[in-house]
There are 4 protein chains.
Amino acid sequence: MTISDGSDVELGPDGVQAARTEWRMHQILAAAAKLMVRDGFHRVSMQSIADEAQMSVGLIYRYFAGKQEILLGVIVDVLNSFADRIPQSMQTAGDDPIHRIAAGFRAYCEIIDENREAALLAYRDGKTLDRSGREQTMNLEFKTSQPLREAVTDAVAQGLLVDVDVDLFTYNLLILAQMWSLKYWHFKSRFSLDEYIKRQSAFVLRSSIDPHRRRKYQDLLTL
Amino acid sequence: MTISDGSDVELGPDGVQAARTEWRMHQILAAAAKLMVRDGFHRVSMQSIADEAQMSVGLIYRYFAGKQEILLGVIVDVLNSFADRIPQSMQTAGDDPIHRIAAGFRAYCEIIDENREAALLAYRDGKTLDRSGREQTMNLEFKTSQPLREAVTDAVAQGLLVDVDVDLFTYNLLILAQMWSLKYWHFKSRFSLDEYIKRQSAFVLRSSIDPHRRRKYQDLLTL
Amino acid sequence: MTISDGSDVELGPDGVQAARTEWRMHQILAAAAKLMVRDGFHRVSMQSIADEAQMSVGLIYRYFAGKQEILLGVIVDVLNSFADRIPQSMQTAGDDPIHRIAAGFRAYCEIIDENREAALLAYRDGKTLDRSGREQTMNLEFKTSQPLREAVTDAVAQGLLVDVDVDLFTYNLLILAQMWSLKYWHFKSRFSLDEYIKRQSAFVLRSSIDPHRRRKYQDLLTL
Amino acid sequence: MTISDGSDVELGPDGVQAARTEWRMHQILAAAAKLMVRDGFHRVSMQSIADEAQMSVGLIYRYFAGKQEILLGVIVDVLNSFADRIPQSMQTAGDDPIHRIAAGFRAYCEIIDENREAALLAYRDGKTLDRSGREQTMNLEFKTSQPLREAVTDAVAQGLLVDVDVDLFTYNLLILAQMWSLKYWHFKSRFSLDEYIKRQSAFVLRSSIDPHRRRKYQDLLTL
DNA sequence: TATGAATGAGCCTTCATTCAT
DNA sequence: AATGAATGAAGGCTCATTCAT
């Protein structure tokens, strides 16, 4: 479910097969994501996924054990794109934990904005997954939040954030990012994505930043 | 959709009928809520609702036009209990806007805790509703948040909260309350409901309260 | 299923009851006829009949054993109105068999025109009846045609019609009358009822009337 | 809706598929016709059609959009067999319009006799079709009658039939043919099909044929 | 007599899944 | 590897009929 890294330019017979498998799975997941996101898991039929992916129903079953597994794949794909891109964005923010937090939050919001409806899928249809699927999802979600959590931990350790429960603070960041998709219908006419990010960053940081460092992060704290 | 208070009022024939109707609708919604919350809207069959409600399928259709209408009923019921109880709680908090906000937030969290899974239903299966149902839900949701929104408005007007967008601040309150149900599986082992409320209240208020009034609300701002 | 003849002005307790029964049955049949004729037997629910008849479903079952029995009643009612009115019309036509036939045919067409759709019901939903109902219907239908059949018999006996099979000729008369309802959608824009009757009478009579008597019935044979 | 002639033509893959489709549709329509004709449209369940056709319910829906469409298919099939065979029969009758009319009428009666009950279906359950189905049926019915109508037109033009409304005369022919199925229960013990045809042909033609040509068509006019 | 709440069998339809080709 | 025909269980919903009041 990860995209080929391009290293296998010289493909043996197995490599060819692996590449095709990968491509097929990508086709299926892309089709399923599009449809499920638009119509909801239960309203999407295997046939419609097959049509969208331009293959036959039967073939889908060569790559996924069933409809649920496809849902899992779609959700995992979205979560993976968080897991991939957030660390990247945070890296470019440098070493300062507060700046890292702000960058992570921004990246989170931006990815959500790009996958606004796909992001909803995980929440909306998560219950449809079986136990194992739900666990996998939860783990990935946790992994996704790890970089942010670490930055928060650092910030606390360096005394930049005070009176903060790391875990709760992290989840607050995540939920406020997700709110952009959850309440998009309401906010879209009031804020641009950028305004939203700015305001919410300020909201979160002002609540817990060490008063003595406020000046240093002035630009993050004011609108 | 409120239950008869059981007092033996002398009921006319119409009253008896109305009471039965009310009772039947309650039975159906209670059964449906229980099952849908546990299994998700699409996994619950009309037959299973009928079984749970101890009546026949046919009878359900005397009270609800279809399965969707039942979902709407369940969601509306939850939202109504917000609309009923939050103003009550805020009233007992007195006139101070900050105290009113804190009381409203607490009430919100408590009701969510009581209807933890039912609350999820509104988010999870809201998309299943048709346009009219979605509008009804959204309106109720807005109405629910009105008292909080007004208190925030007052607080801003009185200079108690600064640099705040009323609408966004209100939604932040709501989403942080809802997070208790959304991430309950994660938080339950870390916080009691009361701790959660305390911490989140402090988190929210600290971010925007006028620095000069911090002392006055000391008890709300520290853990 | 026949209407009270008014003789029981002084009603004993039984008479009162009989009158009510009659009235109720009339209400039900009238309602059912209206609806079944409009929508077809299977599309009409007992509830809708009850609504139309302004009584409860339960009450209908006091007067009819079931839905089928109502259909039978409706059909029988229509057939009875043929059986009642055709002899009347033929009587006023005097003694001449040809004139009686023409009068009977006219009456038949006119009644059908008045009950255009009800007439269809017998044909359309006749198959729905059980064996006993079908027999009853067929017998009544036969009885309906008796006066015409007798007039045809007379006409043949008097040499007015030649080379005619009485039974077939009679049925030809009936079917050509019924055709007014069967193909009404086609004919309505081409003929008035009166034109239709005139043309079809001429058509039928010309085919079999004794050439020597043609002059006598000139007005019936030309358009 | 025509059956493959069984010749082992080399079929491309598309041909095989088309043949199967044709065969399946035939199976379904044959089963449906049999059952609907016997029990009436509304008493036949999709399951019973599937059983009779020896396939699963689901498969039926690959070939027909719903139950109504099957009814339409059955009716259309019957009407098509009229549209196919009547012109054939009339062609073999030569150029004389009167002979063509007689041949067309005979063919009509014979096809009705072969599909006696299926023919009833069109009349009995026609109302069940939706607007589009009814229009399609009516158009086909009209098309079916076109050859007869043209022959009648010719006969009138050539002065063979006099004082005749072409349209009405044509419908009279049709209804008298259909009467064979409508009143079969009555006629079967009185006439053979052939007798019926002879008598009705004579009946119809005698009514309108030009007296000067009677001798020429003597064999058609006498029994 | 009259009501209409209640029942539950049965209907049409959909769709995930399988399997012969 | 790939197809899509075929299956059949399950679902939402209707409605004739019954029965307690």
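Return the average number of partner chain Cβ atoms within 10 angstrom of each residue Cβ along peptide B:111-119.
Details: counts 0, 0, 0, 0, 0, 0, 1, 0, 0.
Neighbouring Cβ atoms belonging to other protein chains average 0 per residue here.
With everything on Cα atoms, drop me the angle between helix D:166-182 and the longest principal axis of chain D, reported from 0 to 90° to the nearest 10.
60 degrees
Please identify, among C:144, C:153, C:21, the residue showing maximal mean-square fluctuation in a Gaussian network model of chain C using a 10 angstrom Cα cutoff.
With Cα springs under 10 Å in chain C, the top fluctuation among C:144, C:153, C:21 is at C:21.
With +1 on the Cβ of every Lys and Arg and -1 on the Cβ of every Asp and Glu, and nothing else charged, how large is the dipole of region C:120-223 about its Cα centre, in debye rounded to the nearest 20?
Values: 16 positive and 13 negative charges, 86 e Å.
Using only the charged Cβ atoms, the result is roughly 420 debye.
What gaps in nm, shortest first, separate residue D:20 from its twins in the other copies when you place the label 7 Å past Cα toward the beta carbon?
Those label-point separations list as 2.3, 5.6, 6.7 nm.
When you count, for each residue, the other Cβ atoms within 10 Å and take the mean per peptide, how do C:59-70, D:55-66 rank with the highest first?
The packing order, highest mean first, is C:59-70, D:55-66.
Please give every one of the lysines within straight-line cross-link reach of residue C:198, meaning a C-alpha to C-alpha distance under 16 Å, and leave out same-chain neighbours fewer than 8 residues apart.
C:188
Where is the GNM fluctuation largest for chain A (alpha-carbon springs, 10 angstrom cutoff): A:93, A:157, A:122?
Largest GNM mean-square fluctuation: A:157.
Anyone know which of B:24, B:190, B:100 comes out most mobile in the 10 Å Cα GNM of chain B?
B:190
Averaged over peptide B:18-30, how many Cβ atoms belonging to another chain are found within 10 Å of each residue's Cβ?
0
Between region A:24-40 and region B:148-184, how far is it from one alpha carbon centroid to the other, in angstrom?
For region A:24-40 versus region B:148-184, the Cα centre distance is 36 Å.
Please compute, for the alpha-carbon atoms of chain B, the extent along each of the three principal axes and give them in descending order in Å.
Principal-axis extents of chain B (Cα, largest first): 64, 42, 33 Å.
Along region B:110-118, what does the Karplus equation 6.51 cos²θ - 1.76 cosθ + 1.60 (θ = phi - 60°) give for ³J(HN,Hα), rounded to whole Hz, x for Gly and Pro?
Result, rounded to whole Hz: 5, 5, 4, 4, 5, 10, 3, 7, 4.
Hey, can you grab everything whose amide H is under 5 Å from the amide H of residue A:161? Only 5+ residues off in sequence or another chain; H modelled, so Pro and N-termini drop out.
When sequence neighbours closer than 5 places are left aside, the close amide H contacts are A:156, A:210.
Sort shortest first the distances from residue D:88 to its counterpart in every other copy, using label points 7 Å along the Cα-to-beta-carbon line, and give them in nm.
5.2, 7.2, 8.3
Once the Cα atoms of helix B:13-39 and of chain B are each reduced to a long axis, what angle between those two axes, in degrees from 0 to 90 to the nearest 10, is obtained?
70 degrees
Taking one equal scatterer on every alpha-carbon of the protein assembly as shown, how large is log10 of I(q)/I(0) by Debye at q = 0.07 1/Å?
-0.80
Which distances in nm, rounded to one decimal and ordered from shortest, link the label point of residue D:116 to the equivalent label points in the other identical copies, with labels set 7 Å from Cα toward Cβ?
3.2, 6.9, 7.4
Treat each spin label as a single point 7 Å out from the Cα along the C-beta direction, and report the residue A:56 to residue C:22 distance in nm.
It works out to 7.3 nm between the two label points.
Largest first and in whole Å, give the semi-axes of region D:112-157's equivalent ellipsoid, each being the square root of 5 times a Cα gyration tensor eigenvalue. It would help to have the intermediate numbers written out before the result.
Values: eigenvalues 128, 47, 8 Å².
Equivalent-ellipsoid dimensions as semi-axes: 25, 15, 6 Å.
Find the chain B residue whose Cβ sits closest to the rotation axis that carries B onto A, and give that distance in whole Å.
Residue plus distance in Å, as requested: B:207, 1.
Would you calculate a helix-derived [θ] at 222 nm for the protein assembly as shown, using -39,500 (n - 2.57) for each DSSP H run of n ≥ 4 and dividing by the full residue count, to the nearest 500?
Theoretical 222 nm ellipticity from helices: -23500 deg cm²/dmol.
Could you work out the Kirkwood radius for region A:14-142, taking every pair of different alpha carbons, averaging 1/r and inverting it, reported in Å?
Numbers: mean 1/r = 0.0632 Å⁻¹.
Taking the inverse mean of 1/r over all distinct Cα pairs, region A:14-142 comes out at 15.8 Å.
Below 8 Å between Cα atoms, with a sequence gap of 6+, how large is the relative contact order for chain B in percent?
In percent, rounded to a whole number, it is 18.
What trypsin sites (Lys or Arg not before Pro) in region A:191-223 are in a loop by DSSP, with at most 12 other Cβ atoms within 10 Å of the Cβ? Mind showing how you got there, number by number?
Details: sites: A:198, A:199, A:206, A:213, A:214, A:215, A:216; in loops: A:214, A:215, A:216.
Passing both the DSSP loop test and the Cβ count: A:215.
Where a number appears in this text, it was derived from the coordinates with a stated rule and is not lab data. It should be emphasised that the depicted structure is a prediction, and the values quoted were computed from it without experimental measurement. Cβ atoms come from the backbone with ideal geometry, glycine included; neighbour counts cover every protein chain shown.
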